[in-house]
Every structure is written in structure tokens, then in C-alpha cells.
Amino acid sequence: MGNFNVIFTCRNSEKIIEPSLTSLIEQSIKPKHIIIVDDGSSDSTPNILKQIQIRNSNIHIITNPDMGYNIARVAQNWNKALRLAKQLNLETTDYHMIAPDDAQYEHNYCEKIIKYMDSDSSIAIASGNYDNMNYHIPRGAGRFIRNSFFTSVHGYYPERMGSESVLFYSAVQNNYKCIVLPEARYIHSRELGTNYNFYEFGASMKTLGYHPLYVLARFAKYFSSGRPIGRLGSLYMLYHYLSFKPKEEGYDSKFDNATRKVIRRIQTKRMMGYIGLNKS
């Protein structure tokens, strides 16, 4: 069976971090290594992490200085973990898993995902689910990425807005699949979107060049169902898509034209399929 490492990110997580980490440590298939990036916690999170590390030799911790919360550092922190794995010469694994501090996984969550991905080498990205909605795009928490795909196409996460979505579209472009396995379950200990205005959801759609009709269809789906970001969240998402102006360079800049064209072409094909028309 395939093996995996975990990239775990946290910040000021003293109330939730221990059960989240325990749910990973006690999986039916154990991760080879768990690389934790503490993004400048000012509470007791660092002390809790040290105590957990003492009991688990496969845990490695990166501690950032406290520079306040900034979502722009998420992809940077994932890349820090990837670089540390190389520096420590950790075993190369079949997959890596992205895990936030607020998710708790059922005992055989990772086993279910890995068995499914092992059975189909065309699956590049997969996750389980936390509610009863039908999703086509793997969830952010508990996401597994096939390393052979990742290293050949990306190597590191793009450190700009929309980096997660770029992975999905590059997988499709390279004839891979992305799946959600509903029987692999986890829960969020914090409600999705708490204290979050979904700026990134909408603004990244602009940096990635999303088709306007695709954005409107996603808004309608989220608003009518109230999931996964709530009706207010869906309104924020649409507002930020319409109002955001990408910068010339840096984290808030547009992706290159080739990437944007690929994304729009895939979205157009999907929309044509939804209405029963074929488009090559």
C-alpha cells in the first residue's frame, strides 16, 4: 500500500490542535512523517507541539515568527515543509497530505484515500468529505496529492493567490483526475468560514481567469444550498470577484495567460457538458 507524509499548518490552535494531531498520529495507516508549520502562534500552541513531538519521533516542527495572520503565507508554509523534507533527506513517499489545524479524521480516513488512489494511477488529487454535499473538487482539509504528478508538473506550490485551484486544473490538463471520496470522513472543529469574508475565494477567481458564467453558476449553487460557505459567504465571493483588481506582480497578481486560457477552456467544456452539448 502507498505511503505518505503530512504537511500540517497551525496558528494559535491551543484549544483544537491536540485532537487534530492525534487523529493523524493514530491513523490505521501511519504517516511516515508529519511536518508541522507553526505560523507564529502566541498562545500555548508551541508548548503543546513540543510535548507531542517528544512522544512522536516522526514529527518535525518549523516555527515562524509572529507576523500576524496572513493567508498569503499558506502556500509559503507548505513549501517550507517540502524544503525541510528535502533538507532532512526524509523518505520519498507516494503521496503527501495537506492538513489544517481544525480537522479531525476518522481512524481509517487515510487508508480509504490511499487504497482508492493506489487502485487508479490516474488520480492526482483526492480527499474525503465532512458533510453530505456532493463535491467534484477535493476539499482543502485532508487532501492527498500524488507526488509523481506534483513533482513532475509543479515541484512546489505557486506562492500566489489561487495556488490550490491551479493544481486541480493542471491535473485535468495532464489527463489526471481529482476526486472526492464521500465515505472517507472528517469533521471541522471550527465552522468553515468563521471570521472570514471569503476575499480569497472571489479574488482568486479573477487572478486565475475564471469564466464569468462559471463564477455565476458557482455562486448560484452556493447561495441556493447554503453550502459549503453559506449564503453570506457566497455573496462575499461574488462581490470580491467583481471588485478585485489584480496587481502587476506578487501574490495578488494574475497567473500567466497560458494558465488562464487552460482554466477557461476547461470551464467552458464543463459548462457545455452541463447543458448537454459536446465541445472538443
Separation between Cα centres of region 78-144 and region 4-75, rounded to whole Å: 16 Å
Accessible carbon and sulfur surface of region 240-280 relative to its total accessible area, %, 1.4 Å: 51 percent
Semi-axis lengths, Å, region 1-92, gyration tensor of Cα atoms, sqrt of 5 times eigenvalues: 21, 17, 11
Listed residue pairs exceeding 24 Å between alpha carbons, taken from 247/269; 245/269; 206/269; 30/86: 247/269; 245/269
Cα long-axis angle, helix 45-55 against the chain (0 to 90 degrees, to the nearest 10): 60 degrees
Neighbour net charge for residue 42 - beta-carbon separation under 13 angstrom, K R +1, D E -1: -4
Region 85-139: GluC sites (Glu not before Pro) in DSSP loop, at most 14 other beta carbons within 10 Å: 91
Binned Cα-Cα distances of region 87-138, short to long, each 5 Å bin given as a whole percent: 4, 13, 25, 25, 18, 10, 3, 2, 0
Calculated over region 206-280: convex hull of Cα atoms, volume per residue (Å³): 90 Å³
Calculated [θ] (222 nm, deg cm²/dmol) that DSSP helices of n ≥ 4 give over the chain, each run adding -39,500 (n - 2.57): -13000 deg cm²/dmol
Residues listed by number, region 61-84, amide nitrogen under 19 Å from residue 3 label point at 7 Å toward C-beta: 61, 82-84
Calculated log₁₀ intensity ratio I(q)/I(0) where the Debye formula runs over C-alpha points of the chain, q = 0.08, 0.14 Å⁻¹: -0.33, -1.09
Volume of the Cα convex hull of region 38-95, divided per residue and given in Å³: 97 Å³
Per residue solvent-accessible surface (Å²) - the chain, probe of 1.4 Å: 49 Å²
Given charges at beta-carbon only (K, R positive; D, E negative), |dipole| of region 40-193 in Debye: 320 debye
Over region 28-161 - Rg/Rh using Cα atoms and the Kirkwood inverse-distance radius: 0.95
Overall Cα dimensions of region 128-280, principal axis frame, Å, largest first: 37, 36, 36
Chymotrypsin sites (Phe, Trp or Tyr not before Pro) restricted to DSSP loop in region 51-96 with at most 14 other C-beta within 10 Å: 69
Residues listed by number, region 161-188, amide nitrogen under 17 Å from residue 67 label point at 7 Å toward C-beta: 161
Most mobile of 217, 103, 258 in a GNM of the chain (Cα contacts under 10 Å): 258
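The values are calculated or read from the model by the stated rules, or taken from the named source; none is laboratory data. None of these values were measured; they are calculated from a predicted model. In this analysis, Cβ positions are derived from the backbone assuming ideal geometry, glycine residues included, and neighbour counts consider all displayed protein chains. Side chains are part of the model used for accessible areas, which takes the heavy atoms of the whole protein and leaves out ligands, DNA and RNA. Shrake-Rupley method; radii C 1.70, N 1.55, O 1.52, S 1.80 Å.
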